[in-house]
Amino acid sequence: MKGRQTKTFGVALIVVTLSVLAWFAFRTVRGLMVFGEVDSAVFRMRAVGAAEDQFAKAHPEIGYACTISQLTQDELVGRLANGAVDNGYVFSIVGCRAPDSQKPNSVYYLTARPLHSGRPAFCSDASLVLKYDDSGSVERCLATGVLWGT
């Protein structure tokens, strides 16, 4: 009888240990996935910002592009144009405008809104200074975003 209790206890201990290890492995993999999505969003924000600069130089009469689909010369940016969603983020250009109807577009804001909670929103303007909001709000990022990398 004593041997059976010891065996049952040993099996229970193994099950608990494996469960704890599986939980830590899951949390680690999930954290790495979140890190990958955030890193990918930052990279794409910079790529779209660079494409905006190239577009404005190539089309001085238009100025900045008002949609990502106008920025299709780069393969990465071109993939975003097919729906502007990539790696858990929705990318868009907002607030594109010219000072008046006779001048080129001189203002735009680039945003990356997370599709999943727990991820930051990103935003930038024509200066290409990247900001973020930890709550995931693009609106708060544009209004009071924190500089990325500080």
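The values are calculated or read from the model by the stated rules, or taken from the named source; none is laboratory data. Predicted model, so just to flag it, every value in this text is computed and none were measured. Protein only, heavy atoms only, side chains kept; ligands, DNA and RNA dropped before computing areas. Shrake-Rupley method; radii C 1.70, N 1.55, O 1.52, S 1.80 Å.
Could you rank Ile14, Ile93 by how accessible they are, 1.4 Å probe, largest area first?
Ile14, Ile93
Tell me, in nm to one decimal, what length is gained between His59 and Arg46 on full extension, where the rule is 0.36 nm per residue of separation less the Cα-Cα distance?
The span from His59 to Arg46 would gain 2.7 nm if fully extended.
Kirkwood Rh, Cα Rg: Rg to Rh for the stretch 111-150?
With Rg and the Kirkwood Rh in hand, the quotient comes to 0.94.
By accessible area of protein heavy atoms, probe 1.4 Å, what ranking do Ser40, Ser92, Ser135 get, highest first?
These residues rank, largest area first, as Ser135, Ser92, Ser40.
Sort Phe55, Phe43 from largest to smallest accessible area, using a 1.4 Å probe on the heavy atoms of the protein chains.
Heavy-atom accessible area, descending, gives Phe43, Phe55.
Could you give the length gained on full extension between Asp39 and Ala98, defined as 0.36 nm per residue of separation minus the Cα-Cα distance, in nm?
18.1 nm
On a full-extension model of 0.36 nm per residue, what is the gain between Leu128 and Ile14, subtracting their alpha-carbon distance, rounded to one decimal in nm?
Extending this stretch completely gives an extra 35.8 nm.
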